[in-house]
Every structure is written in C-alpha cells, then in structure tokens.
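The values are calculated or read from the model by the stated rules, or taken from the named source; none is laboratory data. All figures in this text were calculated on a predicted structure; none of them were measured in a lab. Cβ placement follows ideal geometry from the backbone for every residue including glycine, while neighbour counts extend to all protein chains displayed.
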Amino acid sequence: MTQSSSSAKTKGAKPNEAMHPYAARVLEEIRSRYHWEREFGAAVEEVMHSLGPVLDDSPVYEAERILERLTEPERIICFQVPWVDDQGRVQINRAWRVQWSSVLGPYKGGTRFHSSVTLDGIKFLAFEQTFKNSLTSLPLGSGKGGSDFHPAGRSPREVMRFCQAFMNELYRHIGPNTDVPAGDIGVGAREIGYMFGHYKRISNEFTGVFTGKSHDWGGSLLRPEATGFGVAYFANEMLRARNDSLEGKTLSISGFGNVAWGMVKKSTELGAKVVTVSGPDGFVHDADGIKGEKIEYLLSMRASGRDRVEDYAEKFGVPFYAGKRPWSVPVDMAFPCAIQNELGLDDAKQLIENGCKAVVEGANMPTAPEAVPVLQEAGVLYAPGKAANAGGVACSCLEMSQNSGHEYWTSEEVDQKLKRIMTNIHNQVHETAERFDTGDNYLLGSNIAGFLKVARGMIDQGV
Ligand code: NDP
Ligand code: 2IT
C-alpha cells in the first residue's frame, strides 16, 4: 500500500483527534450492543482511534466490513466448573474460552484464573491478542480464556481438582491445530501441568495442546522468562533507535509475578536498576536495586500464594508503602507488569512531573485509556503491551514448533530467536508509526501493523 494524500493528511494526528467515520460507526455499534462491557469497549476504542490512515487509504476494508468482523469473536465457549474443596463442599466457578480469530493460525492465547475474571475481561484480552499475535509475524490466531476461580489461598489439591474440572469441558474445544491455551495471571507451570495431564487422560493423546509446559515433558526452555525478557529486549530496541540503551537507567515496575520477575532479571543483566515491585497490598521501594538473590526471592514470594509484597520489605529491610502504587517514585522508565488499568491519569501526570521518559507495558492494557494521550502529548514514549509483551506468546509458538518437530532447542537457540522476534516487532511498529504518524507513536504503529496482516488474511480467505 502506498501512502496517499489522505493518509498524509492524517499523519501527525493527535491521539484523541476525531476518529475515521467508519471506525466511529463500528465503535458506536459495539458500545451500544455490549454497553456493560467496559474493558472490551475501551480496547476496541483504542484500536479504532489508530486505524484512520489505513481506512482512508483502502476503502476495501469498509466494503468487506472488516471492522465489524474483527470486533466479534469467531466463537465464545461459556461453561460452569463444579468441583469439590478440601472440606468436601461443592464449589462452582464460571469459565470462558473466547476464540477470537483463526485467520493467521490456530487460536492462541493465555488462561487467567483470578476472582476479577469476567467475559468482558476475557473478550478484551482476546481482542488485544489478535493484534499482538499478528505482530509476531508467526502463524498464530488469537484467543483467551479463564475463570473467576482465585488460586491464592487454595491448597495444591484444590487447584488440581479445579484444573481437572475445568478441562472436563474445555478439552473438547482445543487441540494442537485448533486452539492452544497457555498461562496468564494465576496460571503457571503447575496449573498447566494439571490441565495438560487431564487433557491427555481424556483424549488419550500426548500432543502440544498447551504451551508453558514443564521442560521435562514438552515445554520450551525460557518460556517462563520469555515475556519479561521480551519486554526488556523491546525497551532496549526503543532506546537503541534513539542512540541510547537500558544501561544505567533506573526503572520502576509493578507486580511481582511471572512477567515482573523476567523483566527484572533481563533488565538488570542489561545494566538497568529496578527499584520497585508491587502487589495488591502496596509497593516496595528498594533504592539499591533488585538484584542477585532478591530476584529469585520474587519467585518464592509468588509461589507462596500469599498475595503480598510486604514480605520482601521485611526480608531485605526496605520501605513498604501500603495500599500505594509505585508510580510516585522518580525513575527514567516505568514498566507496569501486573494487571489492566493499574496506571491512571494521576499516575501518568506524576511520572511526567518526575521526568520519566518512557512507559513500557509488560501487562495487557495496564495504562488507563485516558492516561495514554497525556503521556504521548508530554513526549513520554509509550509502548503498548500488544507489542512490548509479545515475547511470551512468541516463545509459545517456538514451543509449538519444538513439539511438532519432536525436538528440544537449547536456551541459547530460543533466546536468539526471541531477541530476533522482539527486534522485528519493534522495527515493524516503529517503521509503521513513521509511515503514518510520528515515529514515536508506538500505539498507532502497533495497531496498524497488527491490523493489516489480519485484515488482508480475512479478505484472502473470503466471507
Ligand atoms: P502472575 O499471576 O504471575 O502475576 C500477576 C501479578 O499481578 C501478581 O504479582 C499479582 O499479585 C498482581 N496483581 C493481580 N491483581 C492485582 C491487582 N488488582 N493490583 C495489583 N497487583 C495485582 O501473572 P503474569 O505475570 O503472568 O501476568 C501479569 C500481566 O502480564 C497480565 O496483564 C498478563 O495478562 C500479562 N501477560 C502475561 C504473559 C505471560 O506469558 N504470563 C504474556 C503477556 C502478558 P497477586 O496474585 O498476589 O494478586
Ligand atoms: O497475554 C499473553 O500474551 C499471554 N498470556 C501469553 C499467551 C500465550 O499463548 O503464550
């Protein structure tokens, strides 16, 4: 596609400028049809804001009703999960698998177990996954699943019984060439093990139906680290494009889970200093930097299932701020790595005031929609999760390749491929942003680059 005069007209548009009329109409339909789904609505709105230049360029997308088709999932599976707790009581949870798009490959995306999970949240995550998976340039469709089951405080046997009950329904909807779930909040190697084991028992088939498996029985080396490593690689590429690097930078991060741990580990290796972690109870400020044994302590804190980071402050004798978020600490760059909407408008203003130069998302949509344009207009580089945290799903695809080829790769091989994929995603996003706007608009670059592959595929594959 060549850049037409109309796209040149939209070039440099402010993030909150008027939306293309076709995108605005589709957004309006979504908002009214699903008016109670606030997270899904916000995710669609953010993408619709970015697509003006390509819709100007190519009326075919409107003629083929691509936006209407892209904003509805291909299928939603909704089911109850009855199970028995340690006291012999019957418990019931609600669960979903949203199979959003199979245009680029089998449905692919994580599984979240958290009390806050609703269909709205899973739809927003599956929609976002569509653009993320497209950006990896790997053969991955998109999906997301989860349940309002909260693993914290549950015994290992209860977690196992829940995972098995969850699979009793889900197994019939997934498969290595159909839909390949993975982990997300509340779902790590232990839960994947229980789910995979039960799938195998029911289906009588040992197959690469999940990613994030233990390396002993089919998992890829480096998958646990991949999301956080990928975030660090992406941030380093952003800085490299501006003749800078992570070396010597001070960073704040939120969360203390899988993504936060990998991010701390790699960015420290690359010469940065991470000074915060956070949990639902508050945040820790470790001015000396989280390094060495402190990084591995994050893992045991997470595994304890205690839902708190105050333990870190007590163990290492550093300040803990109860009920607060880490965004008040002056840093060069901020990395939200916990959950959606955890960095609000006031946090963004505080970061700007403190001279923060970039916000790079490890979590999915952790920056509230109203905070994003404020950051961008203040000249803070903003990298959306769909680009910056794509290393997790990209490594999942490397796991699928190893499974289907019946082989294992070394961590060096996986790391090299991961680095290459993250560099490619960065360059694709940066170049697309430069073509349609200023090179700093990574949100626009991610949405357009992610959209184009899926939209072209939809046209190629017919109605
Ligand atoms: P984990 O369950 O390992 O960690 C999640 C972290 O967020 C925990 O520290 C958790 O604490 C904390 N948290 C949960 N709810 C809240 C809350 N309301 N306020 C503050 N902190 C909270 O999950 P991941 O690290 O895997 O996921 C983190 C983010 O990264 C999510 O947005 C996820 O979608 C995204 N992501 C994950 C990928 C992966 O491969 N795992 C890939 C790409 C993105 P606690 O459990 O104690 O509540
Ligand atoms: O949000 C995400 O990209 C994930 N939770 C990882 C998905 C995957 O299939 O590895």
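Laid out as a table, the results:
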{"quantity": "Neighbours by Cβ (under 6 Å, 6+ apart or cross-chain): first from the stretch 174-190, closer than 16 Å to Gly218 by Cβ and within 11 Å of ligand 2 (Cβ to nearest atom); second among the β-branched types (Val, Ile, Thr) and assigned to a strand (DSSP E or B)", "calculated": "Pro181/Thr111"}
{"quantity": "Boolean, Ile421 is β-branched (Val, Ile, Thr) and within 21 Å of the chain's Cα centre (by Cα)", "calculated": "yes"}
{"quantity": "Filtered residue count, the stretch 226-262, keeping only those that are touching an Asp or Glu at 6+ places or on another chain (Cβ under 6 Å) and not small (Gly, Ala, Ser)", "calculated": "2"}
{"quantity": "When residues of the stretch 85-135 are limited to those that are assigned to a strand (DSSP E or B) and under 13 Å from the mean Cα position of the chain (by Cα), the one nearest to ligand 2 (Cβ to nearest atom)", "calculated": "Gly110"}
{"quantity": "Among the candidates Thr276, Thr250, Thr268, residue that is without any contact (Cβ under 8 Å) to a residue 40 or more places away in the chain and either in contact with a Pro (Cβ under 6 Å, 6 or more places away or on another chain) or of a type outside the set (D, E, K, R) (or both)", "calculated": "Thr268"}
{"quantity": "Every residue from the stretch 74-84 that is β-branched (Val, Ile, Thr) and under 29 Å from the mean Cα position of the chain (by Cα)", "calculated": "Ile76, Ile77, Val81"}
{"quantity": "Count - residues of the stretch 373-418 that are more than 16 Å from ligand 1 (Cβ to nearest atom) and closer than 25 Å to Ile339 by Cα", "calculated": "10"}
{"quantity": "Residue list for the stretch 210-223, restricted to those being within 12 Å of ligand 2 (Cβ to nearest atom) and free of Cβ contacts under 8 Å to residues at least 60 places away in the same chain", "calculated": "Phe210"}
{"quantity": "The stretch 344-368: number of residues that are out of contact with any strand residue (DSSP E or B) (no Cβ under 7 Å at 6 or more places or on another chain), crowded, with 20+ Cβ neighbours inside 10 Å and assigned to a loop (DSSP other than H, G, I, E, B)", "calculated": "3"}
{"quantity": "Listing of helices (runs of 4 or more DSSP H) fully contained in the stretch 369-420 that carry 2 or more residues being more than 16 Å from ligand 2 (Cβ to nearest atom)", "calculated": "371-377"}
{"quantity": "Selected residue [buried (at least 19 other Cβ atoms within 10 Å of the Cβ), closer than 18 Å to Ala182 by Cβ and more than 11 Å from ligand 1 (Cβ to nearest atom)] from Gly121, Gly141, Gly110", "calculated": "Gly141"}
{"quantity": "Some residue of the stretch 170-179 being of a type in the set (Val, Ile, Thr), at negative phi and part of a loop (DSSP other than H, G, I, E, B)", "calculated": "yes"}
{"quantity": "Candidate set from the stretch 427-447 (those that are in a helix (DSSP H, G or I) and among the hydroxyl-bearing types (Ser, Thr, Tyr)); member that is farthest from the chain's Cα centre (by Cα)", "calculated": "Thr432"}
{"quantity": "The stretch 294-338, subset of a type in the set (A, V, I, L, M) and closer than 21 Å to Arg190 by Cα, residue nearest to ligand 1 (Cβ to nearest atom)", "calculated": "Ala338"}
{"quantity": "Test: residue in the stretch 289-311 that is surrounded by fewer than 23 Cβ atoms within 10 Å (Cβ to Cβ), basic (Lys, Arg), under 22 Å from Pro151 (Cβ atoms) and more than 16 Å from ligand 2 (Cβ to nearest atom)", "calculated": "yes"}
{"quantity": "Failed item, numbered, when Ala235 is tested on (1) away from ligand 1 (no atom under 13 Å from the Cβ); (2) surrounded by fewer than 24 Cβ atoms within 10 Å (Cβ to Cβ)", "calculated": "(2)"}
{"quantity": "Residue within the stretch 342-356 that is aliphatic (A, V, I, L, M) and within 16 Å of ligand 2 (Cβ to nearest atom) present", "calculated": "no"}
{"quantity": "The stretch 169-191: number of residues that are within 12 Å of ligand 1 (Cβ to nearest atom), more than 18 Å from the chain's Cα centre (by Cα) and either surrounded by 18 or more Cβ atoms within 10 Å (Cβ to Cβ) or under 22 Å from Asn133 (Cα atoms) (or both)", "calculated": "1"}
{"quantity": "Residue match in the stretch 102-112 (condition: farther than 30 Å from Gln428 by Cα, out of contact with any Pro (no Cβ under 7 Å at 6 or more places or on another chain) and of a type in the set (Phe, Trp, Tyr))", "calculated": "no"}
{"quantity": "Pairs where the first residue, in the stretch 104-115, is touching a residue at least 12 places away in the same chain (Cβ under 8 Å) and within 19 Å of Ile77 (Cβ to Cβ) and the second is within 9 Å of ligand 1 (Cβ to nearest atom) and of a type in the set (A, V, I, L, M, F, W, C), C-beta under 6 Å, 6+ apart", "calculated": "Gly110/Ala182; Thr111/Val187; Arg112/Ile185; Phe113/Val187; His114/Ile185"}
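For (1) within 23 Å of Ser401 (Cβ to Cβ); (2) modelled with pLDDT under 95; (3) within 15 Å of ligand 1 (Cβ to nearest atom), each residue gets a yes or a no:
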{"site": "Phe206", "(1), (2), (3)": "yes, no, no"}
{"site": "Lys213", "(1), (2), (3)": "yes, no, yes"}
{"site": "Ser220", "(1), (2), (3)": "yes, no, yes"}
{"site": "Arg223", "(1), (2), (3)": "yes, no, yes"}
{"site": "Ala241", "(1), (2), (3)": "no, no, no"}
{"site": "Lys249", "(1), (2), (3)": "no, no, no"}
{"site": "Ile253", "(1), (2), (3)": "no, no, yes"}
